[in-house]
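Shown next, in structure tokens, is the structure this report addresses.
The values are calculated or read from the model by the stated rules, or taken from the named source; none is laboratory data. Please read all numbers here as calculations on a predicted model, not as lab measurements. Please note: Cβ atoms are built from the backbone with ideal geometry, for glycine as well, and neighbour counts cover all protein chains shown. Only protein heavy atoms, including side chains, enter the accessible area calculation; ligands, DNA and RNA are left aside. Shrake-Rupley method; radii C 1.70, N 1.55, O 1.52, S 1.80 Å.
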Amino acid sequence: MKTPKRIQPLVEDGLVDEVLYQLMSGKEATVYAVRCGEEVRCAKVYKEAMKRSFKKAAEYQEGRKVKNSRRARAMEKGSKFGRKQQEEAWQNTEVDALFKLAKAGVRVPEPYGCYDGVLLMELVTDDEGDVAPRLNDVSMSAEQAIDDHALVMQYVMRMLCVGLIHGDLSEFNVLVDDYGPVIIDLPQVVDAAANNNAFKMLQRDVRNMSEYYGQYAPELIETWYAEEMWALFESGELTTETELTGHFDIPETDADVDSVLDEIKAAFAEEEARQERIREANEE
């Protein structure tokens, strides 16, 4: 196929030899299969801010640190230079997270580098060399669902151990190869210690996965992994060796009607978001 304009500089620099085909186009990026020497890899081309449809980006970016004070001030002011720095920070967040999570024992695509808004990384395939399907395209037995859910909870826990929360984890952001689930799509990753919405996002990530696997093993829906992890994280007791149970004693407090209503509204909003993801997946 014709080489996309954003990938052309990588071809000229010898990082990419040929663009083979488009894999998908989503709310934040378009992904291509590319040939690099004898290997086939992914080239994730991030969309510009004005073309992205990722909602509530500021909510995810809360607490992210910028070491260069000049860049930080420019980003706060929203100047042209600041917007450019904001874009670079958004794009580099994913590659940084991929390196960090791979080191922590989380299965993610192997990153090779981010070059001017194009992330080169491993193309996850099955043993036949075909592109690995997303979790929402996979059916399984109850036993397999329980095993894979436990593995994903381990990955979520290891992410939290290094201070990160996916923030948008669902059956659409997990691939499944012959060795199990692989976590993908991390540009919106959340700083667990610095973001005021961190626990809420952890709960949503865990609930999304538990409800999906719960289609095959209903007992998973009534687990409390997010609350268990967060309590251990806050107390400084969470480690990569922690054995999770999925059980958690909810403190008994007087009913807060406003909080209950907020939870109901949040549940409706999440279901709308879920339906939107399904529509986007069908369109892709």
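Relative to the present Cα-Cα distance, how much length would full extension add between Ile221 and Thr239 at 0.36 nm per residue of separation?
Computed gain between Ile221 and Thr239 is 4.1 nm.
Please report, in whole Å, how far the alpha carbons of the stretch 84-227 spread along each principal axis, starting with the longest.
Principal extents (largest minus smallest coordinate, Cα): 46, 42, 22 Å.
Could you work out how far apart the two model spin labels at Glu48 and Gln8 are, taking each label as a point 7 Å from the Cα in the direction of the beta carbon, and quote it in nm?
So the two model labels end up 1.5 nm from each other.
Counting Lys and Arg as +1 and Asp and Glu as -1, each charge on the Cβ, what is the dipole of the stretch 146-185 about the Cα centre in debye, to the nearest 20?
Dipole of the stretch 146-185, to the nearest 20 debye: 260 debye.
What is the distance, in nm, between label points placed 7 Å from the Cα along the Cα-to-Cβ direction at Ala150 and at Phe248?
With each label point 7 Å from Cα toward Cβ, the separation is 2.0 nm.
Between the stretch 138-213 and the stretch 95-115, how far is it from one alpha carbon centroid to the other, in angstrom?
15
Which residues' amide hydrogens lie under 5 Å from the amide hydrogen of Asp177, considering only partners 5 or more residues apart or on another chain, with H built in the peptide plane?
Under 5 Å from the amide H of Asp177: Val182.
So, taking all protein chains as they sit and a 1.4 Å probe, how much accessible area belongs to Glu122, in Å² rounded to tens?
60
For the cross-link pairs Lys47/Lys200; Lys2/Lys100; Lys27/Lys100; Lys44/Lys200; Lys5/Lys27; Lys44/Lys100, which exceed 22 Å when the distance is taken from alpha carbon to alpha carbon?
In this structure, Lys47/Lys200; Lys2/Lys100; Lys27/Lys100; Lys44/Lys200 lie more than 22 Å apart at Cα.
Asp116 versus Gln22, label points 7 Å from Cα toward the beta carbon: distance in nm?
So the two model labels end up 2.1 nm from each other.
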